[in-house]
Amino acid sequence: MINNVKSIDPTLIVGGGPAGASCAWKLASAGIPCILIDRAEFPRDKVCGGALSARAADILITSGILSTSELEELTLKEQRTLSLWDREELLRTYISQDSPVRIISRRQFDSVLLEKASAAGAFIITGDTVVSIDSSSVTTSSGEQISFASLVGADGCNSIVRELVSDRRSRGTGLGLEYFIPLTELNEVPDGLQIHFGHIPYGYIWVFPDGEKVNIGAGAVGSPASPSDITEALNGFLETRGISCAEYKLKGAPIPSLSLNRNLGRGNIYLAGDAAGLVDQVSGEGIGHAVESGFLVADCIIGGGDRGTFLNRKDCCINIVRQSMFYRHLLFSPLAHGTAMMGLRDNEEFARGYWNIISGRESYNEMFRRLLT
Ligand SMILES: Cc1cc2nc3c(=O)[nH]c(=O)nc-3n(C[C@H](O)[C@H](O)[C@H](O)COP(=O)(O)OP(=O)(O)OC[C@H]3O[C@@H](n4cnc5c(N)ncnc54)[C@H](O)[C@@H]3O)c2cc1C
C-alpha cells in the first residue's frame, strides 16, 4: 500500500507535467512528504509548440530545479527573430537583442523535471490514473486508494481535481493543433519564429523551427471557430506552402480558455498549470506558468496553507493570465484587429512589445503604459 510508504498523510499531486513536477520538487526539497501520480509512463509526448519564454527560463534557473547548463542541454534552438504576419502580408520582422525564446522538446523537458522531483525525494507513480476523489483520498484505476493531507491538481486542462473546487471543468473552448515537419521538406526554411494572424478568429498559426524540424500549429481560445474550422485553416496554410498535410500526423489538445482559477483552488485542494486555467489567452504560453504555479502551490503548502502571501504578487503568472483575458480583445476582436495589425506593421515599439510578451519580459499593463507615454 502506498500509504505505508509514509507514516503521515502526504501531499498528493495528480499530474507529472511541468506544474506537478515543479510542485513535487519544491515540496520534497523542503522535506514535505509528497506523492506524484501520472497516468502516463515517462518519457511521454505532450502536444505543444515547445516555446519556452525567457521569463520561464529565469524561473527554472533561479529556483534551482535546473542549472543553466541543464537548460542549455534541453534547448533545441534559441530564437531571437520573430516575423509577424497578417494572412499573407509580412507585417514586420523583429530581431531581439534580449534573451531568447527557447525551443524545447516536451518529451525530454517533462522527463527531466520529473527526475528532479524524484531525486529530491518525491515518490513518483506512473502509469496509473486517478479515477475518483473524496475529501481525504483518491482511488486509482489500478484500485489503489491513497490518502492525502493536501491534494494538488496538476492534471492538465481536463482536470478531475478541479471539479472539487469549481462547478465548471477547465475544458474551455480552446484547442491547439500541430504538425511536426522536417525542415528538409520546406521550400523555404523559416528564419526564426513566425506568428500568422488573420487565419482563425481569436487565435493564430505558429511556425516554430527547432533546428531539424518545424512545429506548425494553430491555436485559439474563446474563439467562435470550431475544431474543424481550425483544422481547415491550418491545413489550408500548409497546402498554400506546398506541404501536403496528408503525409504528416495531426495532433491536438485542449487549451484552457477563460477558466482562470485565481486562488489556485480552495482549502487543502490546490490547482496548478492548465488545471488552474493558467495559459496566456493571447500568446498561448503555459509551460512557464505551469512551473511557476507549481512552485507557488508548494510555497502555500510549506507556508501552512497561506495563499494570500504568495498569490497576490503583481508580477505573478496569475496576474499575467488575468491581464491577457482583457488584452486579447485589443488584438483579436473584429473591431480592433485591423488597428492592431497596423500597429504591428508601422510601429517598431508595438512589435517589440509583442516580443516582450512572448518572451515574458513585460506584462501587458507595462507594455501598454510604455506605448502610451
Ligand atoms: C497545441 C499546443 C501548443 C502549445 N504550445 C505552447 C508553447 O509553445 N509554449 C508554451 O509555453 N505553452 C504551450 N502550450 C501550453 C502548454 O502545453 C501547457 O500550458 C502546459 O503543458 C501545462 O502544463 P501542466 O503541467 O499544467 O499540464 P500537462 O503538461 O498537460 O500535464 C498534465 C499531466 O497530468 C496527467 N494526468 C491528467 N489526468 C490525470 C489523472 N486523472 N490521473 C493521473 N494523471 C493525470 C497527464 O498524463 C499529464 O502528464 C501549448 C498547448 C497546446 C495544446
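Within the range 225-237, the set of residues being in a helix (DSSP H, G or I) and surrounded by fewer than 19 Cβ atoms within 10 Å (Cβ to Cβ) comprises P227, S228, D229, T231, E232, N235, G236. Being surrounded by fewer than 18 Cβ atoms within 10 Å (Cβ to Cβ), closer than 17 Å to V152 by Cα and touching a residue at least 40 places away in the same chain (Cβ under 8 Å), is that true of even one residue in the range 284-295? There is no residue in the range 284-295 that is surrounded by fewer than 18 Cβ atoms within 10 Å (Cβ to Cβ), closer than 17 Å to V152 by Cα and touching a residue at least 40 places away in the same chain (Cβ under 8 Å). All of V130, V189 fail the test of being buried (at least 21 other Cβ atoms within 10 Å of the Cβ) and either at negative phi or touching a His at 6+ places or on another chain (Cβ under 6 Å) (or both), apart from V130.
Residue-by-condition table, conditions (1) within 30 Å of L250 (Cβ to Cβ); (2) in contact (Cβ under 8 Å) with a residue 60 or more places away in the chain; (3) surrounded by fewer than 20 Cβ atoms within 10 Å (Cβ to Cβ):
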{"position": "I8", "(1), (2), (3)": "no, yes, yes"}
{"position": "A19", "(1), (2), (3)": "yes, yes, no"}
{"position": "L52", "(1), (2), (3)": "yes, yes, no"}
{"position": "T62", "(1), (2), (3)": "no, no, yes"}
{"position": "K77", "(1), (2), (3)": "yes, yes, yes"}
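Residue pairs whose Cβ atoms lie under 7 Å apart, separated by 6 or more positions or on different chains, with the first residue in the range 144-166 and open to solvent by 20 Å² or more (accessible area, probe 1.4 Å) and the second in a loop (DSSP other than H, G, I, E, B) and within 9 Å of the ligand (Cβ to nearest atom), are E144/D128; D155/G15; D155/V161; G156/G15; G156/G17. The single residue among I125, I133 that is within 14 Å of the ligand (Cβ to nearest atom), over 28 Å from L60 (Cβ atoms) and touching a helix residue (DSSP H, G or I) at 6+ places or on another chain (Cβ under 9 Å) turns out to be I133. If you check Y179 against the conditions, is it among the aromatic types (F, W, Y), outside any loop (DSSP other than H, G, I, E, B) and either open to solvent by less than 10 Å² (accessible area, probe 1.4 Å) or in contact with a helix residue (DSSP H, G or I) (Cβ under 8 Å, 6 or more places away or on another chain) (or both)? Answer is yes for this residue.
Would it be correct to say that P190 is out of contact with any strand residue (DSSP E or B) (no Cβ under 6 Å at 6 or more places or on another chain) and either touching a residue at least 40 places away in the same chain (Cβ under 8 Å) or not in a helix (DSSP H, G or I) (or both)? Spelling it out, it is not the case that P190 is out of contact with any strand residue (DSSP E or B) (no Cβ under 6 Å at 6 or more places or on another chain) and either touching a residue at least 40 places away in the same chain (Cβ under 8 Å) or not in a helix (DSSP H, G or I) (or both).
Look at (1) more than 14 Å from the ligand (Cβ to nearest atom); (2) not in a loop (DSSP other than H, G, I, E, B) and you find that T139 fails only one, number (1).
Taken as a whole, the condition of being assigned to a loop (DSSP other than H, G, I, E, B) and under 23 Å from A21 (Cα atoms) applies to D128.
Yes/no per residue for (1) more than 20 Å from the chain's Cα centre (by Cα); (2) of a type in the set (F, W, Y):
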position: F42; (1), (2): no, yes
position: D45; (1), (2): no, no
position: L52; (1), (2): no, no
position: L60; (1), (2): no, no
position: I65; (1), (2): no, no
position: T81; (1), (2): yes, no
position: R87; (1), (2): yes, no
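Inspect the range 155-163 for any residue being part of a helix (DSSP H, G or I) and farther than 30 Å from G31 by Cβ and give the result as yes or no. Checked the range 155-163: at least one residue is part of a helix (DSSP H, G or I) and farther than 30 Å from G31 by Cβ. Residues in the range 64-75 that are open to solvent by 40 Å² or more (accessible area, probe 1.4 Å) and touching a helix residue (DSSP H, G or I) at 6+ places or on another chain (Cβ under 9 Å) were compared, and the one that is nearest to I181 (Cα to Cα) is E73. Among the residues of the range 167-176, those identified as open to solvent by 10 Å² or more (accessible area, probe 1.4 Å) and more than 21 Å from I216 (Cα to Cα) are D167, R168, R169, R171, G172.
Taking the conditions (1) more than 12 Å from the ligand (Cβ to nearest atom); (2) out of contact with any Cys (no Cβ under 9 Å at 6 or more places or on another chain) in turn, S283 satisfies each one other than (1). Looking at the range 214-224, is at least one residue open to solvent by 20 Å² or more (accessible area, probe 1.4 Å) and within 13 Å of the ligand (Cβ to nearest atom)? No: the range 214-224 contains no residue that is open to solvent by 20 Å² or more (accessible area, probe 1.4 Å) and within 13 Å of the ligand (Cβ to nearest atom).
Highlighted here are the helices (runs of 4 or more DSSP H) found entirely within the range 310-373 that include at least 2 residues which are charged (D, E, K, R) and open to solvent by 20 Å² or more (accessible area, probe 1.4 Å): 334-346, 348-359, 364-372. Note on the range 142-161: residues that are more than 10 Å from the ligand (Cβ to nearest atom), touching a strand residue (DSSP E or B) at 6+ places or on another chain (Cβ under 7 Å) and either hydroxyl-bearing (S, T, Y) or modelled with pLDDT under 95 (or both) amount to 2.
The values are calculated or read from the model by the stated rules, or taken from the named source; none is laboratory data. Being a predicted model, the structure only gives us computed values, none of them experimental. Note: ideal-geometry Cβ built from the backbone for every residue, glycine included; neighbour counts use all protein chains shown. Just the protein is used for accessible areas: all its heavy atoms, side chains included, with ligands, DNA and RNA removed. Shrake-Rupley method; radii C 1.70, N 1.55, O 1.52, S 1.80 Å.
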